[in-house]
Amino acid sequence: MRPRGLGELVGQAHLLAPGSPLRRLSEGGGGPAGPSSAILWGPPGTGKTTLAHVVSGSTGGRFVELSAVTAGVKDVRRVMEESRRLRDRQETRTVLFLDEIHRFTRAQQDALLPGVENRWVVLIAATTENPSFSVVAPLLSRSLLLTLRPLEPGDLGRLLDRAVAEPRGLGGTVALDGEARDHLVRLAGGDARKALTALEAAAGAALSEASLPGAATGDGAHAGQDRRTAPPTVSPGHVERAVDRAAVRYDRSGDQHYDVVSALIKSMRGSDADAALHYLARMLEAGEDPRFVARRIMICASEDVGLADPTALTTAVAAAQAVQLVGMPEARIILSQAVLHLALAPKSNACCTAVDEAIADVRAGAAGPVPPHLRDSHYAGAAALGHGKGYHYSHDDPAGVVPQQYPPDDLVGRDYYRPTSHGLERELSGRVSRLRALLRSGRTGTPRAR
């Protein structure tokens with residue numbers, strides 16, 4: 001089922017726009033001297049090898065494939081020498097596809113430089129590691145860097161449908177149940193190869209079951225259908241048996257998506273670490289985007305923990321960044337740490353209620369003029385308007401705090417932030433009271449009733 005050209009490629013729309021480097025490369029363009037070398041960076045099963053074959057077909061030359069797992073400097077130099085001879089004698093261009101280039105040492109990568117520099121070969125190198133750290137700079141500077149992304153669910157669904165129907169796939173020997181299709185998409189996690197492997201195994205299970213003596217038509221088939229005309233249907237049960245993994249009932253865009261993530265947030269807010277881990281596992285097993293989970297954890301860190309444990313937000317943000325760098329399956333550990341931190345942390349929603357009350361006042365029209373002493377005084381004419389006059393610089397005071405008015409007149413005395421007695425806010429509560437008393441001593445303005 002490997003695509004035979006760009007027209008059959010699913011996903012990577014960001015690389016396939018007209019005139020893009022990848023399209024010009026696959027169409028044999030790239031410059032006066034012919035196609036440029038390229039480094040394809042992306043997760044497994046996103047089309048790196050496929051693109052190498054497409055580029056090879058467009059150049060009309062020979063295609064050589066090496067794996068950095070088994071090849072060494074000797075193999076690379078042999079290919080370079082053969083490519084140089086073919087170019088000089090027959091004007092034949094060689095496309096060298098080098099899989100897992102990140103496994104090559106610096107010396108092995110340096111052996112590629114003469115062939116790439118002199119265009120003896122068009123190097124198409126694939127890697128799942130960040131090329132900035134895994135590929136030597138001279139080679140990186142001589143190549144296009146193309147980043148491939150995990151396939152979207154819609155792309156994987158089209159790929160599965162094509163594999164079921166086309167003669168070079170399953171050729172219509174089975175039908176694919178809608179729930180089974182969704183389960184295969186979730187299992188794949190953006191990996192086309194993984195999706196096709198699981199489909200093949202599930203189809204084998206369905207065909208084996210249908211061939212048993214006295215077997216009914218495939219799971220999900222309508223009663224009364226003739227097995228000779230109706231192919232067996234691949235059901236969620238076949239997928240579960242084939243890959244030994246239960247199908248989690250979870251709709252990424254429907255009620256279950258929102259219900260489960262709501263349960264995760266409320267479990268962390270309610271300090272039930274075990275329940276929170278259950279809902280985290282449920283989402284990840286169903287194929288939920290771990291970046292979505294990380295975003296919800298960040299929100300919870302401020303909304304439900306806040307200053308009761310300020311390190312909760314630090315953990316949540318670090319987790320979100322790490323998830324993007326690491327990806328699944330290791331990202332599950334990072335998300336688990338963040339979920340446990342938030343579930344076990346002291347809770348406070350004071351940050352949330354404080355800003356919401358301030359916004360409510362602004363929307364109600366309580367947004368009087370900025371006191372003159374706080375206004376910008378750095379432009380010509382500001383002094384004549386009285387801007388900055390009477391302002392006291394806080395750092396001039398030994399305590400670092402000077403009594404003066406900060407809010408507009410109609411908000412003097414308005415308290416938004418009310419610390420709880422939980423965690424660090426227990427200590428902040430006394431400090432907030434002392435600061436308010438000091439700042440408001442001798443301050444002008446009319447206190448506004450809450």
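The values are calculated or read from the model by the stated rules, or taken from the named source; none is laboratory data. Every value quoted in this text rests on a predicted model; they were computed, and no experiment measured them. Cβ: placed from backbone, ideal geometry, glycine included. Neighbour counts: every protein chain shown.
Some values worked out for this structure:
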{"quantity": "Top-ranked residue in the stretch 360-384 [being touching a residue at least 12 places away in the same chain (Cβ under 8 Å) and in a helix (DSSP H, G or I); ranked as surrounded by the fewest Cβ atoms within 10 Å (Cβ to Cβ)]", "calculated": "Pro372"}
{"quantity": "Count of the stretch 385-400 residues which are surrounded by 14 or more Cβ atoms within 10 Å (Cβ to Cβ) and of a type outside the set (Phe, Trp, Tyr)", "calculated": "2"}
{"quantity": "Scope the stretch 49-92; condition over 39 Å from the mean Cα position of the chain (by Cα) and in contact (Cβ under 8 Å) with a residue 24 or more places away in the chain; matching residues", "calculated": "Ser83, Arg84, Leu86, Arg87, Thr92"}
{"quantity": "Positions within the stretch 99-115 being under 14 Å from Ser134 (Cα atoms) and in contact with a Leu (Cβ under 9 Å, 6 or more places away or on another chain), in sequence order", "calculated": "Asp99, Ile101, Phe104, Gln109, Asp110"}
{"quantity": "Flag for Gly423 being exposed (fewer than 14 other Cβ atoms within 10 Å of the Cβ), out of contact with any Gly (no Cβ under 8 Å at 6 or more places or on another chain) and assigned to a loop (DSSP other than H, G, I, E, B)", "calculated": "no"}
{"quantity": "Cross-chain or 6+ apart pairs with Cβ under 9 Å, the stretch 329-352 first and more than 12 Å from Gly423 (Cβ to Cβ), then β-branched (Val, Ile, Thr) and not in a helix (DSSP H, G or I)", "calculated": "Asn349/Thr420"}
{"quantity": "Meets criteria (within 47 Å of the chain's Cα centre (by Cα), touching a residue at least 60 places away in the same chain (Cβ under 8 Å), under 17 Å from Leu307 (Cα atoms) and not in a loop (DSSP other than H, G, I, E, B)) for Val432", "calculated": "no"}
{"quantity": "Residue count for the stretch 169-180, restricted to those that are touching a strand residue (DSSP E or B) at 6+ places or on another chain (Cβ under 9 Å) and of a type in the set (Gly, Ala, Ser)", "calculated": "2"}
{"quantity": "Residue check for Leu145: hydrophobic (A, V, I, L, M, F, W, C) and surrounded by 22 or more Cβ atoms within 10 Å (Cβ to Cβ)", "calculated": "no"}
{"quantity": "Residue match in the stretch 159-168 (condition: under 15 Å from His238 (Cβ atoms), part of a helix (DSSP H, G or I), of a type outside the set (Gly, Ala, Ser) and in contact with a strand residue (DSSP E or B) (Cβ under 9 Å, 6 or more places away or on another chain))", "calculated": "yes"}
{"quantity": "Selection count where residues are of a type in the set (Ser, Thr, Tyr) and in contact with a Gly (Cβ under 7 Å, 6 or more places away or on another chain), scope the stretch 47-89", "calculated": "3"}
{"quantity": "Residue match in the stretch 68-91 (condition: in contact with a Ser or Thr (Cβ under 7 Å, 6 or more places away or on another chain) and farther than 17 Å from Ser56 by Cβ)", "calculated": "no"}
{"quantity": "The stretch 391-450, residues that are modelled with pLDDT of 85 or more and polar (S, T, N, Q)", "calculated": "Ser394, Gln404, Gln405, Thr420, Ser421, Ser429, Ser433"}
